[in-house]
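*Asks:* Take a look at the following structure, please.
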Amino acid sequence: MVVQAQEGRLTAPLQSPLRLLVATAVPAERDAVADLLPPHADAVAVGVGPAAAAAHTAAALARAPYDLVVSAGIGGGFQPDAPIGSLVVADEITAADLGAETPDGFLPVTELGFGAVTHRPPPSLVRDLAAACGARTGTVLTVSTVTGSAARAAELRRRHPRALAEAMEGFGVAEAAAAYALPVLEIRAVSNAVGPRDRGAWRIGEALGALGDAFGKFAPVLESWNRHD
Ligand SMILES: O=C(O)c1cccc(C(=O)CC[C@H]2O[C@@H](n3cnc4c(=O)[nH]cnc43)[C@H](O)[C@@H]2O)c1
């Protein structure tokens with residue numbers, strides 16, 4: 001820890017610079033944020049899906065010390081709450097299909113007595129980053145299968161009424177961060193609506209642009225974040 005000396009007195013301790021690891025799924029997402037990262041940040045493409053994301057994020061965390069991990073990329077938005085081109089910062093990162101089907105419906109692994117299905121990012125950081133970049137805040141679901149029907153979208157929203165977006169890596173990145181006792185964030189730029197498959201309606205370029213713009217606004221928020229909140 002750095003301690004500031006002022007006129008011969010010791011004043012409030014200064015925090016050392018925040019070391020940030022940004023985990024995207026693919027190189028296009030990594031490249032969209034790479035030039036806009038705050039100081040002391042690295043971006044790494046960790047692969048598509050929660051398993052690849054967990055394994056490669058953990059490998060990155062083993063290579064160098066970090067203070068905060070961010071899962072970042074494009075995602076599907078639940079309509080009408082998360083329109084295409086908008087940003088979502090997760091206040092909950094939830095694995096939506098980690099569990100068991102039963103005659104009475106889906107049971108998350110936590111109800112089977114195992115593990116976790118939700119990670120909660122630091123609330124003050126979620127609030128301040130979302131305000132800085134104009135993002136909505138809510139649950140971001142992690143799925144292993146991209147939703148492709150209105151029925152599945154409705155079922156996910158029934159089970160997760162606060163869900164704004166779905167993607168495929170957040171929970172894996174969060175599990176890796178938790179293994180290193182590190183806080184985690186997830187930010188998604190909405191490239192498509194969650195629902196019936198319509199590849200012609202994807203707006204990947206627009207979403208990547210929004211993601212980069214968001215990271216360009218994060219530095220002051222991250223610098224002033226009180227890590228003990
Ligand atoms: O082929 C399709 O119909 C299809 C629809 C949406 C996404 C995909 C992908 O293969 C992209 C996976 C990649 O992008 C993220 N992503 C983007 N949109 C979504 C979505 O609606 N649901 C889940 N993941 C999405 C995801 O995090 C992956 O990195 C294919």
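The values are calculated or read from the model by the stated rules, or taken from the named source; none is laboratory data. Keep in mind it's a predicted model, so treat the numbers as computed, not measured. All Cβ positions, glycine included, derive from the backbone under ideal geometry; neighbour counts span all protein chains shown. Quick note on the areas: whole protein, heavy atoms, side chains included, nothing else; ligands and nucleic acids left out. Shrake-Rupley method; radii C 1.70, N 1.55, O 1.52, S 1.80 Å.
*Asks:* For a quick check of your reading of the model, give me the residue pairs whose first member lies in the range 164-177 and is modelled with pLDDT of 95 or more, whose second is among the hydroxyl-bearing types (Ser, Thr, Tyr), with beta-carbon atoms closer than 6 Å and at least 6 apart or on different chains.
*Replies:* GLU169/SER71; GLY170/SER71; GLY170/THR142; PHE171/THR142; VAL173/THR57; VAL173/SER71; ALA176/THR57
*Asks:* Among the residues of the range 97-130, how many are assigned to a helix (DSSP H, G or I) and in contact (Cβ under 8 Å) with a residue 40 or more places away in the chain?
*Replies:* 7
*Asks:* Here is a further query. Restricting attention to the range 184-203, which residues are buried (at least 24 other Cβ atoms within 10 Å of the Cβ) and either of a type in the set (Lys, Arg) or free of Cβ contacts under 8 Å to residues at least 60 places away in the same chain (or both)?
*Replies:* ARG188
*Asks:* Give the number of residues within the range 153-163 that are open to solvent by 60 Å² or more (accessible area, probe 1.4 Å), assigned to a helix (DSSP H, G or I) and touching a residue at least 12 places away in the same chain (Cβ under 8 Å).
*Replies:* 1
*Asks:* Could you list, in sequence order, the residues of the range 170-183 that are open to solvent by 10 Å² or more (accessible area, probe 1.4 Å) and in contact with a helix residue (DSSP H, G or I) (Cβ under 8 Å, 6 or more places away or on another chain)? Spell out the reasoning first.
*Replies:* First pass over the range 170-183, keeping only residues open to solvent by 10 Å² or more (accessible area, probe 1.4 Å): 171, 175, 178-183.
Once the filter is applied, which keeps residues that are open to solvent by 10 Å² or more (accessible area, probe 1.4 Å) and in contact with a helix residue (DSSP H, G or I) (Cβ under 8 Å, 6 or more places away or on another chain), the range 170-183 yields PHE171, GLU175, ALA179, TYR180, LEU182, PRO183.
*Asks:* Name every residue in the range 10-66 that is open to solvent by less than 30 Å² (accessible area, probe 1.4 Å), more than 21 Å from SER224 (Cβ to Cβ) and part of a loop (DSSP other than H, G, I, E, B), in order of residue number.
*Replies:* Correct list: ALA25, VAL46, GLY47, GLY49.
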